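The values are calculated or read from the model by the stated rules, or taken from the named source; none is laboratory data. Just so it is clear, the model here is predicted, and its values are computed rather than measured. No Cβ is skipped: glycine too gets one built from the backbone with ideal geometry, and neighbour counts run over all protein chains shown.
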Amino acid sequence: MITSKQRAALRAAANGLPAWFQIGKGGVSENMAADVSAALDAHELVKITVLKTAGIEAKDALHTLAGMLGAEEVSATGNKIVLYRRSTREGVAHIEI
């Protein structure tokens, strides 16, 4: 569990990131979750766009993905969501929170 100060620092770090994934009309699938998990292992912080055709709200997508991946829910603002999970891989530059 992260604190509100840590969450604010992660939101600030994610501000300049591009969205690496899009959730479309297929919703949140196992394949997509696997791709996001790999990105979290490599980068620790991932921004995702939830398209209007997804049939799921951004907050719901955030809760679903965080639960599937064991990640922290950073933010759901508009149609963008941000997830954080500390990487266990060696050589990954960890985000200081």
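Before moving on, here are some points about what is shown:
- Count of residues meeting criterion [within 13 Å of Glu72 (Cβ to Cβ) and of a type in the set (Lys, Arg)] in the stretch 1-22: 2
- Residue in the stretch 45-58 that is closer than 21 Å to Met1 by Cβ, surrounded by fewer than 17 Cβ atoms within 10 Å (Cβ to Cβ) and without any contact (Cβ under 8 Å) to a residue 60 or more places away in the chain present: no
- Unique match (being touching a helix residue (DSSP H, G or I) at 6+ places or on another chain (Cβ under 8 Å) and either under 20 Å from Arg89 (Cα atoms) or assigned to a helix (DSSP H, G or I) (or both)) among Ala33, Ala38: Ala33
- Close pairs from the stretch 13-27: first part of a strand (DSSP E or B), partner modelled with pLDDT of 90 or more and not β-branched (Val, Ile, Thr), Cβ under 8 Å, at least 6 apart: Phe21/Met32; Phe21/Asp35; Phe21/Ala39; Gln22/Leu51; Ile23/Met32; Ile23/Leu51; Ile23/Ala54; Ile23/Ala61
- Tabulated pairs, the stretch 1-12, first within 13 Å of Leu45 (Cα to Cα), second in a loop (DSSP other than H, G, I, E, B) and among the β-branched types (Val, Ile, Thr), C-beta under 8 angstrom, 6+ apart or interchain: Gln6/Ile97; Ala9/Ile97; Leu10/Ile2; Leu10/Ile95; Leu10/Ile97
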